[in-house]
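Peer 1: Take this structure first; my questions come after.
The values are calculated or read from the model by the stated rules, or taken from the named source; none is laboratory data. All values reported here derive from a predicted model rather than from experimental measurement. Cβ placement follows ideal geometry from the backbone for every residue including glycine, while neighbour counts extend to all protein chains displayed.
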Amino acid sequence: MPAIKKREVTKWIRAVAATFGKTVGEVGYLFCDDEKILEVNREYLQHDYYTDIITFDYDEGNQINGDLVISLDTVRSNAELFNKSYDEELYRVIIHGILHLCGINDKGPGEREIMEENENKALAMRNR
């Protein structure tokens, strides 16, 4: 389990969700290694590759609910790759999953840029 301040993170996530008119219900986190996330990716999404996060969305109306599966191995390697601290990258990945629960996608044309813009706005909210 990474050393995150749960109350602060919960408050931040609620604030970010509120900017999308959403409330926060149950959000579960599974922090794992690359092998586990590859197993989850293969089993549930039929994707045969490593990733930093997989988001399972169980939203009900305007309430976000879901599970975030986060590979701490990939978070660490991406932090090095993008010249960020481990904590910065971990918070980016967490909010990436929350933004998916809020309805932001990143697979279609132009969506990656919209996701990154929203990640940056959300990260700025955390640092206030």
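Peer 1: Do you know which residues across the stretch 1-22 are at pLDDT 95 or above, surrounded by 14 or more Cβ atoms within 10 Å (Cβ to Cβ) and either basic (K, R) or out of contact with any Lys or Arg (no Cβ under 6 Å at 6 or more places or on another chain) (or both)?
Peer 2: I13, R14, A15, V16, A17, F20, K22
Peer 1: Anything in the stretch 75-109 that is under 20 Å from D33 (Cβ atoms), in contact with a strand residue (DSSP E or B) (Cβ under 8 Å, 6 or more places away or on another chain) and not hydrophobic (A, V, I, L, M, F, W, C)? List them, or say none.
Peer 2: Residues satisfying the conditions are H96, G97.
Peer 1: Can you find even one residue in the stretch 48-67 that is hydrophobic (A, V, I, L, M, F, W, C), assigned to a helix (DSSP H, G or I) and either surrounded by fewer than 17 Cβ atoms within 10 Å (Cβ to Cβ) or touching a Gly at 6+ places or on another chain (Cβ under 8 Å) (or both)?
Peer 2: no
Peer 1: Tell me whether the stretch 26-42 contains one or more residues that are surrounded by fewer than 15 Cβ atoms within 10 Å (Cβ to Cβ) and within 14 Å of the chain's Cα centre (by Cα).
Peer 2: yes
Peer 1: Same structure again: From the list E35, E60, which residue is over 20 Å from A122 (Cα atoms), free of Cβ contacts under 8 Å to residues at least 12 places away in the same chain and charged (D, E, K, R)?
Peer 2: Exactly one residue qualifies, and that residue is E35.
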